[in-house]
Amino acid sequence: MTILVETKKISKLYTGAKKHFGMKRQSFTAVDQVDLTIKQGEIVGLIGESGSGKSTLGRLIARLIEPSAGSVYFDGADITNLPHKELLPFYRNMQMIFQDSKSSLNPRKPIGEQIVQPMLRLGVADNRLAAELTVYNLLEKVGMKKDHFARYPHEFSGGQCQRIGIARALAVNPKFLILDEPTSALDVSIQAQILNLLLDLRDELNLTYLFIGHNLAIVEFFCDRVVVLENGQIIESLQSDELHTKAVHPSTRNLIDSVLSVSDLQY
């Protein structure tokens, strides 16, 4: 498989506000010289404790925030320092789905309109009619109905909003999706529906995923490979079916040991 996404020594340093009386600013390194490759068609899981830098790394790859050092490559092209206008073709190929899709939807606009507008802005559809027909099909593909096009975000449940978020991401025909804890705010039964939907879409549309999560059971089920992050650095990378048997780093073992099995639960 060819490499679709790659980071080379990517870093993000946050500097705090300037202190008074000559005191130095405090700084914090969220991501520290990370080398990561994701192959076409692969699902890579990114796990780690809270504050390990998972979401920051995802946003660096998507160019939602600027790196302090290092490079990001997409489909062989260095996109690290490209201006906004030159990034538009890459935005079409790389989309992000957030933990709470409802909060990323405009409460004052129908959901169909919020999917059509990016398509027209990025030149994915030739005209508005073509865009609307595509959205109708996408809504059905993700388990919604055509008449949901004209409804507003507050009329939908959390699981439905996540389906809408997936439809919005797919509307621009991307190659790569960054899934930032897309099921953590959902009930267990809805989580399974969304994960199975994403797997079906991966196979149907030949998509590539970076799945950012903290639920080890979900990551093992969903992902081909698991990358473990600690203090902004990659400490281990394994195939998901090798996680329990070949993980050697103490922090990875702690993550594994912290997961309760069904037999551990008391009724």
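The values are calculated or read from the model by the stated rules, or taken from the named source; none is laboratory data. Keep in mind that this is a model prediction, so the values were computed, not measured. Note: ideal-geometry Cβ built from the backbone for every residue, glycine included; neighbour counts use all protein chains shown. Each accessible area value is taken on the protein alone, full model and side chains, heavy atoms only, with ligands, DNA and RNA left out. Shrake-Rupley method; radii C 1.70, N 1.55, O 1.52, S 1.80 Å.
Some values worked out for this structure:
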read-out	value
Region 112-267 - share of DSSP beta bridges that are antiparallel (%, nearest 5)	55
Selected from 188, 142, 219 as most flexible by GNM, with the chain as the system and alpha-carbon contacts under 10 Å	188
Residue-count net charge about residue 77 - beta-carbon cut-off 14 Å; Lys, Arg +1, Asp, Glu -1	0
Estimated 222 nm signal from helices in the chain, with DSSP H stretches of n ≥ 4 weighted -39500 (n - 2.57), rounded to 500	-10500 deg cm²/dmol
Residue with peak Gaussian network fluctuation, the chain [Cα springs, cutoff 10 Å], from 63, 202, 121	121
In Hz, Karplus ³J(HN,Hα) per residue of region 140-152 (6.51, -1.76, 1.60; θ = phi - 60°; x = Gly, Pro)	5, 4, 9, x, 9, 10, 4, 6, 6, 3, 9, 8, 9
Bridge type composition, the chain - antiparallel percent by DSSP, nearest 5	55
Region 104-215 shape via C-alpha gyration tensor axes, a/c threshold 1.5	oblate
Amide H partners (placed H, <5 Å) of residue 212, local residues excluded	46, 179, 180, 181
D (Stokes-Einstein, µm²/s), Kirkwood Cα radius, region 145-266, 1.306 mPa s at 10 °C	97
In order through region 44-55: 3J(HN,Hα) via Karplus (6.51 cos²θ - 1.76 cosθ + 1.60), integer Hz, x for Gly, Pro	9, x, 10, 10, x, 5, 4, x, 7, x, 4, 5
Average accessible area per residue (Å²) across the chain - probe 1.4 Å, nucleic acids and ligands excluded	52
For residue 244, net neighbour charge (Lys/Arg +1, Asp/Glu -1) across residues whose Cβ lies under 11 Å away	-2
10 Å binning of all Cα-Cα separations within region 1-126, expressed as whole percents from 0 upward	10, 33, 33, 19, 5, 1
Residues with amide H under 5 Å from that of residue 68, placed H, sequence gap 5 or more	11, 12, 13
Descending Cα extents along the principal axes, the chain, whole Å	56, 53, 45
When each of 102/175; 8/54; 9/39; 54/141; 12/54 is checked by Cα-Cα distance, pairs over 21 Å	102/175; 54/141
Peptides ranked, highest mean first, by Cβ atoms within 10 Å: ranges 65-74, 169-178, 3-12	169-178, 3-12, 65-74
Overall form of region 52-112 per C-alpha gyration tensor (a/c, 1.5; a/b vs b/c)	oblate
Residue with peak Gaussian network fluctuation, the chain [Cα springs, cutoff 10 Å], from 44, 124, 34	124
Rounded to whole Hz, the Karplus (6.51, -1.76, 1.60) HN-Hα couplings of region 187-202, x for glycine and proline	4, 4, 5, 6, 3, 4, 4, 5, 5, 5, 4, 5, 5, 4, 5, 4
